[in-house]
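A.B. asks: I am attaching a structure below and will ask some questions about it afterwards.
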Amino acid sequence: MLRTNSFRILKGAPDRKNDPSSHLRHERIKELLSGKIYLAKIKAALADHENGPGENSICRHGRKKGEYKTQYSAITEITEKKITVYYFANKKPCEGEWERIEIQKAANL
Ligand SMILES: [Zn+2]
């Protein structure tokens, strides 16, 4: 599942002409995650600066005050025994290390 804060499915959703940023970011993440998907590929995609960095890039941040910026990114990996969430909170995914939370599933669930 991919989410880039784009609003495209429901009736009344802005078209590419009226909301180019959502369309550019959604098209770019689909392009980057085509083929086999693995964790490092997703992390790299979320730090991507194509069409930016700025409003139109997946990792959003400009160089001027008041520009769009990514505030939260998360990847959830679910296996039979555990759930792992990799995340950035109030940081850009292109800088620093991903934080990680791991939740073990109970044996009786
Ligand atoms: Zn960035």
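A.B. asks: Every residue in segment 73-86 that is away from the ligand (no atom under 13 Å from the Cβ) and closer than 17 Å to Ile29 by Cβ, please.
C.D. replies: Ala74, Ile75, Thr76, Tyr86 - these are the residues of segment 73-86 that are away from the ligand (no atom under 13 Å from the Cβ) and closer than 17 Å to Ile29 by Cβ.
A.B. asks: Now, a different point. Are any residues in segment 73-87 of a type outside the set (Asp, Glu) and open to solvent by 70 Å² or more (accessible area, probe 1.4 Å), and if so, which ones?
C.D. replies: Thr76, Ile78, Lys81
A.B. asks: What single numbered condition from (1) under 29 Å from Pro14 (Cβ atoms); (2) out of contact with any strand residue (DSSP E or B) (no Cβ under 8 Å at 6 or more places or on another chain) fails to hold for Thr79?
C.D. replies: (1)
A.B. asks: Then there's this: Where residues in segment 41-72 are open to solvent by 30 Å² or more (accessible area, probe 1.4 Å) and of a type in the set (A, V, I, L, M, F, W, C), which of them is farthest from the ligand (Cβ to nearest atom)?
C.D. replies: Checking each candidate, the answer is Ile42.
A.B. asks: If you take the residues of segment 20-40 that are in a helix (DSSP H, G or I) and touching a helix residue (DSSP H, G or I) at 6+ places or on another chain (Cβ under 7 Å), which of them is surrounded by the fewest Cβ atoms within 10 Å (Cβ to Cβ)?
C.D. replies: Per the criteria, the residue is Leu32.
The values are calculated or read from the model by the stated rules, or taken from the named source; none is laboratory data. Here the structure is a predicted model, which is why all the values come from computation and not from measurement. Quick reminder, even Gly has a Cβ in these numbers, built from the backbone with ideal geometry, and neighbours come from all protein chains shown. Note: accessible area is taken over every heavy atom of the protein model, side chains too, but ligands, DNA and RNA are not part of it. Shrake-Rupley method; radii C 1.70, N 1.55, O 1.52, S 1.80 Å.
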